[in-house]
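K.L.:
Can you read through this structure? Questions will come right after.
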Amino acid sequence: TFPDADVVFRSSDGKLIHVHTGNLQFGSDAFPPTIRPQKDEIVDLPEDFETLEVVFRFVYPKLLPDLEKVNFRLLYNVAEAVEKYEVHIGKKMCCIFMKKHATSSPLHVLDYSIKHGYPEIANSAAPHLKFVQLTDLKATTWVTRELFALWMPYYYHWEDAVRSTVKPLISAQNHKVNEPASGRKSIGQSGRVAIAIVPLDCPSWPSHQKTILSALTAVSGPDWTIAEVITVPEESAPCYADVVFRSSDGKLFHVHTKNLEFGSEGFPPAGIRPQNNEIVDLSEDSTILELLFSFMYPKLLPDLGKLDFNTLSKLSEAVEKYEVHITGRFLTHKRQNVTSYPLHVLNYAVKHAYPAIANSAAPHLKFSPLAKKEIVTWVTREVLELWMLYYHQWVEAVRSVIEELAEESHATRPLHTNPTRCAAWTKYQREIIANLSRDSGPDWTIAQVIAVPEGALPCCEAAAKKWRTELARKLKDIPPFVKV
């Protein structure tokens with residue numbers, strides 16, 4: 001509402017709205033005030049204030065409404081009003097947003113689109129309309145006769161298509177399936193894992209067949225999707241799995257050869273189909289294989305964030321062994337463990353040629369664990385050789401800082417006429433050199449080692465900062481653990 005406006009409207013609920021004639025003439029073709037009313041005359045309109053407030057915004061380009069935030073009831077009322085008053089911008093915008101509601105409010109959208117000549121919107125709404133809606137007396141009081149005339153033949157065509165599908169489905173024969181044993185979990189499905197490979201009629205299909213027929217014959221119209229009606233529960237047995245694996249702890253897994261070929265390069269059956277229902281033995285346990293085979297089914301990718309590090313490590317090795325393509329997720333989680341398990345991550349990264357991960361893990365590794373006999377037995381020789389060189393360079397950088405630091409001294413008041421040697425620094429200096437000399441490797445931070453107590457003299461704080469900067473510079477110059 002604009003106080004300087006020259007036309008006044010009154011909504012059906014009695015509220016006044018002031019609008020400029022020039023904007024009405026520019027933005028619409030059918031408003032009554034395109035002919036100026038008499039002085040102080042108020043023009044009554046049948047729409048309520050909420051609707052008119054949105055409609056009049058369309059004639060002010062800087063005040064266009066955000067229809068994304070408007071509920072459907074108001075959107076429908078506004079869409080009818082802009083058609084009635086021929087508000088140009090409003091008609092185009094309402095078309096866009098009415099089409100978005102073709103699924104949730106198909107009858108209203110269909111009625112609107114037929115009434116105002118928008119065939120594309122009508123065709124998008126019709127498949128979502130339930131037949132029973134048109135037999136509802138409340139609906140038929142406002143639905144146009146043209147909509148009834150168009151909908152009836154459309155629905156009968158739909159019904160014929162469903163009927164022609166039902167007939168062959170009733171006579172469809174059962175299919176063969178490998179008999180499953182209950183109580184175990186299957187790969188690609190939830191619920192069971194087959195323990196024998198004997199061709200039998202599928203015990204589940206007759207029940208699923210009845211459910212599908214019931215859904216198809218129900219008078220519900222084409223509002224549902226085909227995928228919702230002709231479907232089987234997720235827990236159904238993996239009927240067409242053609243390869244069986246046995247884990248190291250004796251559990252069997254039925255998997256599809258095509259999925260193995262698509263998702264990996266290194267599985268035994270990827271190129272050779274086992275003979276005579278042969279079972280392929282694998283060295284991994286069932287926990288690892290269940291996770292591993294999940295990568296062959298894109299809809300069933302495991303949540304690696306919930307795995308403990310030991311399981312994640314074993315799974316990572318299996319992924320590399322069988323050349324499973326989806327490895328990026330493993331690399332991300334390996335990076336997250338470089339602080340807690342640097343040696344394991346470093347060994348994995350060097351072994352499988354991931355230099356970026358190796359270089360992020362190396363600075364967190366203590367030197368002392370590498371001397372333990374039980375660790376040396378599983379760490380690869382390449383890691384040991386690379387680490388010795390890396391650690392030697394680190395030690396040399398620290399030693400050079402210690403030698404230079406030992407010569408450091410400063411005055412407490414360097415600008416004073418009688419400067420004196422800082423006695424406090426001598427004490428801090430000894431403590432810092434002792435910390436640097438400890439054989440603990442680069443697992444600590446520079447700020448923890450080269451530090452002075454809180455409340456130390458400013459001159460000592462400045463000296464510590466200087467040596468932190470110097471050590472950081474020397475360590476930065478050390479070549480990476482693995483060359484990228």
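The values are calculated or read from the model by the stated rules, or taken from the named source; none is laboratory data. As the structure is a prediction and not an experimental result, all values here were calculated from the model. FYI the Cβ positions are ideal-geometry reconstructions off the backbone, even for glycines, and counts take in every protein chain you see.
K.L.:
Restricting to segment 130-178, count the residues that are aromatic (F, W, Y) and either at pLDDT below 60 or in contact with a strand residue (DSSP E or B) (Cβ under 8 Å, 6 or more places away or on another chain) (or both). Quick ask: steps written out before the conclusion?
P.N.:
So in segment 130-178, the residues aromatic (F, W, Y) come out as 131, 142, 148, 151, 154-156, 158.
After this cut, where a residue has to be either at pLDDT below 60 or in contact with a strand residue (DSSP E or B) (Cβ under 8 Å, 6 or more places away or on another chain) (or both) as well, the list is 131.
Number satisfying all stated conditions: 1.
K.L.:
While we're here: Taking the stated definitions as given, is H101 out of contact with any Leu (no Cβ under 7 Å at 6 or more places or on another chain) and farther than 25 Å from D44 by Cα? Write out each step before concluding.
P.N.:
Details: out of contact with any Leu (no Cβ under 7 Å at 6 or more places or on another chain): yes; farther than 25 Å from D44 by Cα: yes.
So H101 passes the test.
K.L.:
Hey, can you tell me all the residues within segment 59-73 that are within 27 Å of G22 (Cβ to Cβ) and out of contact with any strand residue (DSSP E or B) (no Cβ under 7 Å at 6 or more places or on another chain)? Walk me through how you get there before you give the answer.
P.N.:
Step one: of segment 59-73, the residues within 27 Å of G22 (Cβ to Cβ) are 59-67, 70.
Hits for segment 59-73 are Y60, P61, K62, L63, L64, P65, D66, L67, V70.
K.L.:
Could I ask something else about it? Look through segment 295-317, keep the residues that are surrounded by 19 or more Cβ atoms within 10 Å (Cβ to Cβ) and within 17 Å of F253 (Cα to Cα), and return whichever of them is modelled with the highest pLDDT.
P.N.:
L315
K.L.:
Let me ask something else. Looking only at helices (runs of 4 or more DSSP H) that fall completely inside segment 16-111, which ones have 2 or more residues that are free of Cβ contacts under 8 Å to residues at least 12 places away in the same chain and surrounded by fewer than 21 Cβ atoms within 10 Å (Cβ to Cβ)? Spell out how you get there, then give the answer.
P.N.:
On the way: elements: 21-27, 49-57, 72-84, 88-100.
Hits in segment 16-111: 21-27, 88-100.
K.L.:
Would you confirm whether or not segment 19-30 contains a residue that is of a type outside the set (S, T, N, Q) and touching a Leu at 6+ places or on another chain (Cβ under 9 Å)?
P.N.:
The initial filter retains those residues of segment 19-30 that are of a type outside the set (S, T, N, Q), namely 19-20, 22, 24, 26-27, 29-30.
Then drop every residue that is not touching a Leu at 6+ places or on another chain (Cβ under 9 Å), which leaves none.
No, there is no match, as no residue in segment 19-30 is of a type outside the set (S, T, N, Q) and touching a Leu at 6+ places or on another chain (Cβ under 9 Å).
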